[in-house]
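Colleague: Here's a structure for you.
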Amino acid sequence: MPAGPAGPATPLTGVDGWYINPNSQKKEAAVELALYIFGPEGSKIYTDVAGSPMGRTDVEIADPLVQAFMDIANAGFPRPQSVEFANWWGPFSDAFTKVMEGVAPAADAVAQACADMNAASGF
């Protein structure tokens, strides 16, 4: 990512998680699958086929584009885990949908999302 006027780009980065339902009748099989998917071999396949870099240092990334995304993520800023940030997702998801569907101009959708987020956060 190109640097901005204040210096290097530091995009928000986060994690994707997978969970095992504790009520599953096949918990052992789910754990076995997860251990494979997130082990070296499964992670390599996931990285190469899905094009999504894994958070493992022992998986070589073959595709330069996927490597570029990994480099960007490594330079990123950890996504905050707070009530206020959690209040961002709904309003801005709605704003994105309104803009993509042509229901609202981008500036109006963002202004409404900010107002909704601030109200949900008690500001």
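Colleague: Given (1) under 29 Å from F123 (Cα atoms); (2) surrounded by 10 or more Cβ atoms within 10 Å (Cβ to Cβ), identify the lone condition not met by Q81.
Modeller: (2)
Colleague: Can you report the number of residues in segment 28-62 which are among the acidic types (D, E), within 19 Å of I72 (Cα to Cα) and out of contact with any Ser or Thr (no Cβ under 9 Å at 6 or more places or on another chain)? Reasoning before the result, please.
Modeller: The initial filter retains those residues of segment 28-62 that are among the acidic types (D, E), namely 28, 32, 41, 48, 58, 60.
Narrowing the set further to residues that are within 19 Å of I72 (Cα to Cα) leaves 48, 58, 60.
Still in the list and also out of contact with any Ser or Thr (no Cβ under 9 Å at 6 or more places or on another chain): 48.
Result for segment 28-62: 1.
Colleague: Would it be correct to say that D63 is under 16 Å from the mean Cα position of the chain (by Cα), of a type in the set (D, E, K, R) and not assigned by TED's automatic domain parsing to the domain that holds A115? Don't jump to the end; show me each part of the working.
Modeller: Details: under 16 Å from the mean Cα position of the chain (by Cα): no; of a type in the set (D, E, K, R): yes; not assigned by TED's automatic domain parsing to the domain that holds A115: yes.
In short, no.
Colleague: Something else now. Return only the number of the condition from (1) closer than 30 Å to F123 by Cβ; (2) among the hydroxyl-bearing types (S, T, Y); (3) surrounded by 12 or more Cβ atoms within 10 Å (Cβ to Cβ) that S93 does not satisfy.
Modeller: In the conditions (1) closer than 30 Å to F123 by Cβ; (2) among the hydroxyl-bearing types (S, T, Y); (3) surrounded by 12 or more Cβ atoms within 10 Å (Cβ to Cβ), S93 misses (3) alone.
Colleague: Whether any residue in segment 13-29 is modelled with pLDDT of 90 or more, basic (K, R) and part of a loop (DSSP other than H, G, I, E, B) is what I want to check.
Modeller: Step one: filter segment 13-29 for residues modelled with pLDDT of 90 or more, giving 20-29.
The next check asks that each one be basic (K, R); those that pass are 26-27.
Add one more test, that the residue is part of a loop (DSSP other than H, G, I, E, B), and what stays is 26.
For segment 13-29, residues modelled with pLDDT of 90 or more, basic (K, R) and part of a loop (DSSP other than H, G, I, E, B): present.
Colleague: Output the number of residues of segment 94-123 satisfying the condition of being among the hydroxyl-bearing types (S, T, Y) and modelled with pLDDT under 95. Talk me through it step by step, then tell me what you get.
Modeller: The first filter runs over segment 94-123 and keeps only residues among the hydroxyl-bearing types (S, T, Y), leaving 97, 121.
Checking which are modelled with pLDDT under 95 leaves us with 121.
Looking only at that region, the number is 1.
Colleague: Just one of E84, E41 is part of a helix (DSSP H, G or I) and without any contact (Cβ under 8 Å) to a residue 12 or more places away in the chain; which is it? Spell out how you get there, then give the answer.
Modeller: Numbers: E84 fails: without any contact (Cβ under 8 Å) to a residue 12 or more places away in the chain.
Among E84, E41, only E41 is part of a helix (DSSP H, G or I) and without any contact (Cβ under 8 Å) to a residue 12 or more places away in the chain.
Colleague: Checking T10 against (1) touching a Pro at 6+ places or on another chain (Cβ under 9 Å); (2) assigned to a loop (DSSP other than H, G, I, E, B): exactly one of these is not met. Which one?
Modeller: Going through (1) touching a Pro at 6+ places or on another chain (Cβ under 9 Å); (2) assigned to a loop (DSSP other than H, G, I, E, B) one by one, T10 breaks only (1).
Colleague: Please work out which one of (1) of a type in the set (A, V, I, L, M, F, W, C); (2) surrounded by 11 or more Cβ atoms within 10 Å (Cβ to Cβ); (3) not assigned by TED's automatic domain parsing to the domain that holds D16 is the condition V31 fails and give its number.
Modeller: V31 satisfies all of (1) of a type in the set (A, V, I, L, M, F, W, C); (2) surrounded by 11 or more Cβ atoms within 10 Å (Cβ to Cβ); (3) not assigned by TED's automatic domain parsing to the domain that holds D16 except (3).
Colleague: Now for a separate question. Hey, can you tell me all the residues within segment 51-74 that are surrounded by 13 or more Cβ atoms within 10 Å (Cβ to Cβ) and hydrophobic (A, V, I, L, M, F, W, C)?
Modeller: If the condition is that a residue be surrounded by 13 or more Cβ atoms within 10 Å (Cβ to Cβ) and hydrophobic (A, V, I, L, M, F, W, C), then M54, V59, I61, V66, A68, F69, M70, I72, A73 are the ones that fit.
The values are calculated or read from the model by the stated rules, or taken from the named source; none is laboratory data. Remember, predicted model here, so these are calculated numbers, not experimental data. Here Cβ is always computed from backbone atoms with ideal geometry, including for glycine, and neighbour counts include all displayed protein chains.
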